[in-house]
Amino acid sequence: MEIEGQTFAEKFDLFGCIQCGKCTGGCPISMKSSLNIRRLVYESIMRESNESIFEMPELWDCTTCATCSLRCPKGVEPADVIIGMRNLLVEEGRLQTTIRDALESIFKNGNPWGRIRDKRSEWQEGLKIKNFSEGQSAQILYFVGCTPAYDPRLQETAKSLSKCFDRAGVDFGTLGNEETCCGNEVRRMGEGGLFEMLVEDNSSLFKKYKIEKMVTTSPHCYNTFKNEYPETGFQVQHYTQFVSELIKQGRLTFSKEIAKVVTYQDPCFLGKQNDIYDEPRMIIESIPGVKFLDMDRSRERSLCCEGGGGRMWVEASYTGERLAEVRVKDAVSMGAEILATACPFCLLTLEDAVKTTGNEEKIQVKDIMELVAEAI
């Protein structure tokens, strides 16, 4: 197989693969999908033609959670191989309609949800939030992200975080309607050209407003700004890092109790890919009245919700129980009343799973910041 004049094996350093199978054995999707990462890596080395990948719908089942890369004893990055294969599919136009529509919407409107750009900051109405695009300045750029800006359910997370910033005296602002997609999911859906365009446009915007520090809602935005953009010249944090510091410094305190049993879903792009495990738990455990219980499969062993890697816009090639449903059942079985998370995609997939498993009366799904806002 060739990509950009190189074989896949050369581009992704696959000759180090020892075919141990730990990638497939650790993949949460491989148990129910025909996705076999070990086989894909082997075929990437052995085959000379790209044609074989055009008949692999399972390539879109991958959530790019990176468990395969973390477990590889030879440092191979199998998830990047899948992204490279998706790149070929995008170039050939062999996409599900939902993927194509999401990518087209990002190109035209700066978001994957088909919403117009002028509606991006509507969630801020009635709130006193500075706007860089209107000539105001602030110490912190709050990068809201596409889903929290447009989805009514996730807007509650953005409002809760803004409330906590206000209470702690944080000088912050947003880019208003100038904010555009970070490109994390774009890259993982295989649209490398669009990703590079977003990197260039966003980098110019951040430079224009002389951004020195950014806080993101989504682990996906945090991951791409921190790990996949060129040197930005500013510090970027996920909100769990920033808010945990506010609590430690005594700038954010609590006045109410939440007498609930709470467990936590580790988002893959926050935990597995960026080693942020302690800060979310510290925030939850600092809330008065909360009894925190960790799931058996937590931290680096946490089970993916299936929301990453563009899966919010992809119809899976398999049927049956979804991983988010497994997580909800795990949380209910341990007696949790609230399943907290710190990722927009996790929140949406888990809330849907609560409904499909019939557990609406037993458990709620909330973003950590909703809990914090309720307790301050």
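A compact table of results
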quantity: Residue identified as out of contact with any strand residue (DSSP E or B) (no Cβ under 6 Å at 6 or more places or on another chain) and modelled with pLDDT of 95 or more among ARG327, ARG322, ARG301, ARG311; calculated: ARG327
quantity: Lone qualifier among GLU51, GLU43, GLU58 - being loosely packed, with under 15 Cβ neighbours inside 10 Å, of a type in the set (Asp, Glu) and modelled with pLDDT under 90; calculated: GLU51
quantity: Test: residue in segment 248-271 that is surrounded by fewer than 20 Cβ atoms within 10 Å (Cβ to Cβ) and part of a helix (DSSP H, G or I); calculated: yes
quantity: Pairs with Cβ under 7 Å, 6+ apart, first in segment 62-85 and outside the structural domain of ARG299 (by TED's automatic domain parsing), second basic (Lys, Arg) and in a helix (DSSP H, G or I); calculated: THR63/ARG311; THR64/ARG188; ARG71/LYS22; CYS72/LYS22; PRO73/LYS22; ILE83/ARG187; ILE83/ARG188; GLY84/LYS11
quantity: Conditions (1) part of a helix (DSSP H, G or I); (2) in contact with a Pro (Cβ under 8 Å, 6 or more places away or on another chain); (3) not acidic (Asp, Glu); number of the one not met by CYS181; calculated: (1)
quantity: Qualifying residue in segment 197-205 (condition: closer than 24 Å to VAL314 by Cα and crowded, with 24+ Cβ neighbours inside 10 Å); calculated: no
quantity: Segment 191-239, residues that are under 19 Å from the mean Cα position of the chain (by Cα), part of a loop (DSSP other than H, G, I, E, B) and charged (D, E, K, R); calculated: GLU191, GLU228
quantity: Residue count, segment 206-231 (criterion: surrounded by fewer than 22 Cβ atoms within 10 Å (Cβ to Cβ), over 21 Å from ASN177 (Cα atoms) and of a type outside the set (Phe, Trp, Tyr)); calculated: 5
quantity: Members of segment 158-202 that are closer than 30 Å to GLU374 by Cβ and polar (S, T, N, Q); calculated: SER160, SER162, THR174, ASN177, ASN184
quantity: Residue list for segment 291-324, filter: surrounded by fewer than 20 Cβ atoms within 10 Å (Cβ to Cβ), under 13 Å from PRO267 (Cβ atoms) and free of Cβ contacts under 8 Å to residues at least 40 places away in the same chain; calculated: SER298, ARG299
quantity: Residue tally, condition under 30 Å from GLN96 (Cα atoms), surrounded by fewer than 24 Cβ atoms within 10 Å (Cβ to Cβ) and out of contact with any Gly (no Cβ under 6 Å at 6 or more places or on another chain), over segment 155-186; calculated: 3
quantity: Qualifying position, being under 17 Å from the mean Cα position of the chain (by Cα) and of a type in the set (Asp, Glu), among GLU325, GLU321, GLU351, GLU370; calculated: GLU351
quantity: Close pairs (6 angstrom Cβ cut-off, 6 or more residues apart or separate chains): modelled with pLDDT under 95 and assigned to a helix (DSSP H, G or I) in segment 337-362, surrounded by fewer than 21 Cβ atoms within 10 Å (Cβ to Cβ) and of a type in the set (Phe, Trp, Tyr) anywhere; calculated: none
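The values are calculated or read from the model by the stated rules, or taken from the named source; none is laboratory data. As the structure is a computational prediction, the values presented were derived from the model and not from experiment. So basically every Cβ, Gly included, is an ideal-geometry build from the backbone, and we count neighbours across all protein chains shown.
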